[in-house]
Amino acid sequence: MDINQRSGNEDWLGKNYDNIGTIYLQLGDHPEALSYMLKALALRERIGDKSGIAVSYSNLGLFYQQQSDLKEALRHTQAALKTRQELDDQNGMAISYVNIADILNRSGQHAEALQQAEEAIRVSEEIGAKYTLIAAYAYAGQAYEGLGRSAEALSAYGSGRLLAESI
């Protein structure tokens, strides 16, 4: 971070801020985590780094999810998705759909979670993102389970398990 600050490499400085924020989040220092994540977002917005903005929004979504503030988690994760859609970042979109499905399942909004999981499955299959596809099946299973659709939940979980075993 110090090297990038001195050299004026703002692209990498934004990455540094996000990485440091993520480390603080893992360490449980939430005020420092949020501080660095917000610095990253502000810097990336100032320099117009759309891809970095999506990463920052996604990280903030994870931050708020850990804080059990699902409303803010959803807001930031949806902002990440919107930015990734503007960039036509298919892999990033699939990841955002998965993250949104997780948040919606946690919020008890299983029908909406299922829609997001299905989008994640569709995009992940198109681009061959197997690990994201496994997570999408898991969140689809949770959504079906929350909707009381046990057979479909078992099918989704089974699809994820088979794919995981194959890789």
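Sorted from greatest to least, the principal axis extents spanned by the alpha carbons of the stretch 26-123 come out as 34, 30, 19 Å.
Normalised radius of gyration (Cα atoms, divided by 2.2 N^0.38 Å) for the stretch 68-167: 1.02. Of all lysines in the structure, the ones whose alpha carbon falls short of 22 Å from that of LYS82, not counting any fewer than 8 places away in one chain, are LYS15, LYS39, LYS50, LYS71. Here the extension length gained between GLU72 and GLN26 equals 14.7 nm, from 0.36 nm per residue of separation less the Cα-Cα distance. Structure remark: mean-square fluctuation, Gaussian network model of the chain, C-alpha springs under 10 Å; the largest value among SER56, SER155, SER96 belongs to SER155. Values (1) 58, 31, 28; (2) 57, 41, 35; (3) 47, 33, 30 are given for comparison; Cα extents along the principal axes in Å, derived from the coordinates here, is the one labelled (1).
A dipole drawn for the stretch 22-134 from +1 and -1 charges on Cβ atoms has a positive end, and of LEU104, ALA33, ALA120 the residue lying farthest that way is ALA33. For the stretch 17-167, with all protein chains in place and a probe radius of 1.4 Å, 50% of the accessible heavy-atom surface sits on carbon or sulfur.
The values are calculated or read from the model by the stated rules, or taken from the named source; none is laboratory data. Every value quoted in this text rests on a predicted model; they were computed, and no experiment measured them. With ideal geometry, Cβ positions are generated from the backbone for all residues, glycine too; neighbour counts draw on all protein chains shown. Accessible surface areas use protein heavy atoms only, side chains included; no ligands, DNA or RNA. Shrake-Rupley method; radii C 1.70, N 1.55, O 1.52, S 1.80 Å.
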